[in-house]
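Colleague: First the structure, which I've put down as structure tokens, then a few questions once you've had a look.
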Amino acid sequence: MSDASAHPAEEAALREPWESIARQRQAVEMGMWAFLASEILFFGGIFAGYTIYRSAYPEAFWVAGGHTSLFYGATNTAILLVSSAVIALVPRSARWLSLGSFARMMLWSGALLGIAFLVLKGFEYAEDFHEHLFPGPDFELHEKGAQLFFAFYWCLTAIHAVHLIIGIGLVARLAIAGARDPRWFSQTPAVQATALYWGLVDIIWSIVFVIVYLPGRG
Amino acid sequence: MTDAVLGDTLPHDATTFDKGYLGDGHTLRSWLLTTDHKRIAILYALTITIFFFVGGIAIALVRIELVTPAQDFVTADEYNRLFTLHGIIMVWFFLVPSIPTTFGNFLLPMMIGARDLAFPKLNLFSWYLTIIGGAFTIYVLLAGGVDTGWTFYTPYSSIYSNSHVIAAAMAVFVSGFGTIATGVNFITTTHTMRAPGLTWFRLPLFVWSMYTVSIVIVLATPVLAMTLLLMMLERFFGVPIFNPNEGGDPLLFQHLFWFYSHPAVYIMILPAMGVVSEVIPCFARRRLFGYDFMVYALIAISVIGFFVWGHHMFVSGQSAYANLVFSFLSFIVAVPSAIKVFNWTATLYRGQITYESPMLYSFGFVGLFTMGGLTGLFLASIPIDIHATDTYFVVAHFHYVMVGGTVSAFFAALHFWWPKITGRMYPEAWARFAAILMFFGFNFTFFPQFIMGWAGMPRRYGSYPPEFQVYHVLSSAGAAVLAVAYLMPLAYLTWSLRWGRRAPDNPWRATGLEWQTSSPPPTHNFEKLPIVEDEPYDYHPKGYVDQEHETAGTAESTQKGGEQQ
């Protein structure tokens, strides 16, 4: 399939049906962007619902927003922003064989930050349960619409967390496979694709942070 | 028939599965783990065929119930489950995947001169997602069904229904991601893998239809996924999202649902338009009329199609201004559709038309789609829609588009590319008979529904006032004819796999790169990757004389066609 004169590292990363790694890289990147567009519409659905309810029940959303934990929310936002910076170092550095282990270290740092986020999220959820902030008969707040706010709080953060778990899995997989075959790692388009996905998950979080944690803080 | 039996069916020629990609491994593993787009297309074809008949059985039971005015064959509850199952299976497990995952998968790489799709493993993964979604559907079927209607309207679905709503929604949710993956694959493939010389405006319209439908799939399906996910979370965890008791708005669900499900109509019809745009020029021996505008029309339909969803909600209580805008936009989307119908018709003008079965199916498509489209305009006018909402008029309208349109085109594609896919010719006489029978059976089934719907027969009821019986009996009898017409291709196409005449590489003398390789194609599609130097649908290049078929009858007419260029 591939050119005999191709670089051995390129050959390690070349997949059917491609004949050149540059083209394959273009395609993977493009495919990832198309998927990210799809993801934005996926979250767009829930953001649209949130927006409509917030305009219907502005006071309730204001009051309910004040009951979220700004400490956990802000800390987690900081953690994810740092993880984004760390992962952003990967695509360029991975291209140099000599920087491969550095890139993989950055991947592990990103994954660990992601795990730290999830752990904090767990503590936050436990606290929320304790304060009766899960919608239901013994829900803490009584304003009409406050349950809606927390329904979105739980759904948004949980769906985001699932995305983050997938992201951690992808990053870890890349780091492990990259350690096994550093030459493949230096050329594979999977690096750029994984970094793009991680970036999206962080951007989604920054929107969640603004619309879920910041109302009621002014 | 005699034609096919007489061909070169020698004893050593008994098996179809020995040539090209079909001969490349005969184990179950070689199929279930394949990354060959052609084999994955076959996997999809088998899957959706099974679902087509499961959905068909569900509606056959409904049609039996409706022969008499009384509710006497199934209970009202069973009746609800039957039409729900029919809707869910036919929409998400037949119509949406039908043409893209089978013919799109098989033909897109071949039509653009590529060896495979951009992401072959992702392609296989898509199929497995569809299978997992299908498994949920089968579970629902065996566990007792779901009774919400295919639209899953809240709060009935999220709070009150005592049926398997979550499993049914999971089926749609999971298979939806399979469809998204296919869309991503097609978009990337079209952008990055076209053969040298194959510029965007040289692409066959089928490729354009796959490209535009992929964009609609990628942007619309995730909204449905989120909507169903929220509905499932509300049902499972009791968190209020659409629940009016906590201030939630069931209309929000409808908006989000139709934001997907109206574009989904275009997901179903755009590929069908692509098929017909290939078949008609071939059997009219004419260049497709107005190629550029056919492309613009596809793009326009896919863009405008995103902004008409509110016409499903005219009586829901949404704002009157919203109704006005959605009504207007729904009229606008009819313009590019009409452009397409006129261009197909104009392609026939002074063509040398032959009536092979793919052409008959395509004619069926054009006629039935036009009927479906025009009645769509009735329904886009608010006063008429208010009269016809939730009646059989609506049912007839969308069946004309989806079954008369998409399913006819699916069968056109099946016959047109059958020789390429299997390397066998099918018995033409039988196929023509089935095509004509399908057209009549279809009208026989659905035309009475327009009349009874207009007279006030509501949809989704198992019992009805006796004055509607004559229409229901007609419709059920038509459904029986239609069932025969659907079963016939199953029989003769299967027959042709073993006894059909070996197909030449290009039995229809069609343009398009897929006809330049062998039938069935080799695993990597082309011995040598093609370079494109011609415009699409070049059926009559300047000074063209058809040497191969220059016999007394055709030579004269061929030259006449050549002069028109």
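The values are calculated or read from the model by the stated rules, or taken from the named source; none is laboratory data. Not measured: the values here are computed from a predicted model. Note that each Cβ is placed from the backbone with ideal geometry, even for glycine, and that neighbours are counted across all protein chains shown.
Colleague: Given the options B:Val140, B:Val146, name the one that is more than 10 Å from chain A (Cβ to nearest Cβ), assigned to a loop (DSSP other than H, G, I, E, B) and among the hydrophobic types (A, V, I, L, M, F, W, C). Full working, then the answer.
Modeller: On the way: B:Val140 fails: assigned to a loop (DSSP other than H, G, I, E, B).
Of the residues listed, the single one that is more than 10 Å from chain A (Cβ to nearest Cβ), assigned to a loop (DSSP other than H, G, I, E, B) and among the hydrophobic types (A, V, I, L, M, F, W, C) is B:Val146.
Colleague: Taking the condition of being facing another protein chain (nearest Cβ under 7 Å), surrounded by fewer than 24 Cβ atoms within 10 Å (Cβ to Cβ) and in a helix (DSSP H, G or I), how many residues in the range B:230-274 meet it?
Modeller: Number satisfying all stated conditions: 3.
Colleague: Condition first: out of contact with any Leu (no Cβ under 8 Å at 6 or more places or on another chain) and in contact (Cβ under 8 Å) with a residue 40 or more places away in the chain. Now tell me which residues in the range B:120-136 satisfy that.
Modeller: The first filter runs over the range B:120-136 and keeps only residues out of contact with any Leu (no Cβ under 8 Å at 6 or more places or on another chain), leaving B:120-122, B:125-126, B:128-136.
Once the filter is applied, which keeps residues that are out of contact with any Leu (no Cβ under 8 Å at 6 or more places or on another chain) and in contact (Cβ under 8 Å) with a residue 40 or more places away in the chain, the range B:120-136 yields B:Pro120, B:Lys121, B:Leu122, B:Phe125, B:Ser126, B:Tyr128, B:Leu129, B:Thr130, B:Ile131, B:Ile132, B:Gly133, B:Gly134.
Colleague: Let me ask you something else. Please list, ordered by residue number, the helices (runs of 4 or more DSSP H) wholly in the range B:292-395 having 3 or more residues that are under 30 Å from B:Met425 (Cα atoms).
Modeller: Numbers: elements: B:320-348, B:357-380, B:382-388.
Passing ranges, in order: B:320-348, B:357-380.
Colleague: Which of the numbered conditions does B:Arg194 fail, given that it passes all the others? Conditions: (1) within 14 Å of chain A (Cβ to nearest Cβ); (2) assigned to a helix (DSSP H, G or I); (3) in contact with a helix residue (DSSP H, G or I) (Cβ under 9 Å, 6 or more places away or on another chain).
Modeller: Of (1) within 14 Å of chain A (Cβ to nearest Cβ); (2) assigned to a helix (DSSP H, G or I); (3) in contact with a helix residue (DSSP H, G or I) (Cβ under 9 Å, 6 or more places away or on another chain), only one is false for B:Arg194: (2).
Colleague: Which numbered condition in (1) over 22 Å from the mean Cα position of the chain (by Cα); (2) within 14 Å of chain A (Cβ to nearest Cβ) is the only one that B:Asp292 fails?
Modeller: (2)
Colleague: Further, regarding this structure: A:Ser38 versus (1) away from chain B (no Cβ under 14 Å); (2) free of Cβ contacts under 8 Å to residues at least 40 places away in the same chain: which is the lone unmet condition?
Modeller: Condition (1) is where A:Ser38 drops out.
Colleague: May I ask you to say which residue of A:Leu170, A:Leu148, A:Leu141 is within 21 Å of A:Glu59 (Cβ to Cβ), touching a helix residue (DSSP H, G or I) at 6+ places or on another chain (Cβ under 8 Å) and away from every other protein chain (no Cβ under 11 Å)? Steps first, please.
Modeller: Numbers: A:Leu170 fails: within 21 Å of A:Glu59 (Cβ to Cβ); A:Leu148 fails: away from every other protein chain (no Cβ under 11 Å).
A:Leu141 is the lone residue from the list that is within 21 Å of A:Glu59 (Cβ to Cβ), touching a helix residue (DSSP H, G or I) at 6+ places or on another chain (Cβ under 8 Å) and away from every other protein chain (no Cβ under 11 Å).
Colleague: Moving on. Of the residues B:Tyr211, B:Tyr153, which single one is on the phi < 0 side of the Ramachandran plot, touching a residue at least 24 places away in the same chain (Cβ under 8 Å) and either β-branched (Val, Ile, Thr) or within 14 Å of chain A (Cβ to nearest Cβ) (or both)?
Modeller: On the way: B:Tyr153 fails: either β-branched (Val, Ile, Thr) or within 14 Å of chain A (Cβ to nearest Cβ) (or both).
Exactly one residue qualifies, and that residue is B:Tyr211.
Colleague: Right, next: Scanning for something under 29 Å from the mean Cα position of the chain (by Cα), more than 25 Å from B:Leu117 (Cα to Cα) and modelled with pLDDT under 95, does the range B:51-58 turn up at least one residue?
Modeller: No, there is no match, as no residue in the range B:51-58 is under 29 Å from the mean Cα position of the chain (by Cα), more than 25 Å from B:Leu117 (Cα to Cα) and modelled with pLDDT under 95.
Colleague: How many of the residues making up the range A:55-82 are free of Cβ contacts under 8 Å to residues at least 24 places away in the same chain and within 14 Å of another protein chain (Cβ to nearest Cβ)?
Modeller: Filtering the range A:55-82 down to residues free of Cβ contacts under 8 Å to residues at least 24 places away in the same chain leaves A:55, A:58, A:71, A:78.
Retained after the next criterion (residues that are within 14 Å of another protein chain (Cβ to nearest Cβ)): A:55, A:58.
Within the range A:55-82, residues that are free of Cβ contacts under 8 Å to residues at least 24 places away in the same chain and within 14 Å of another protein chain (Cβ to nearest Cβ) number 2.
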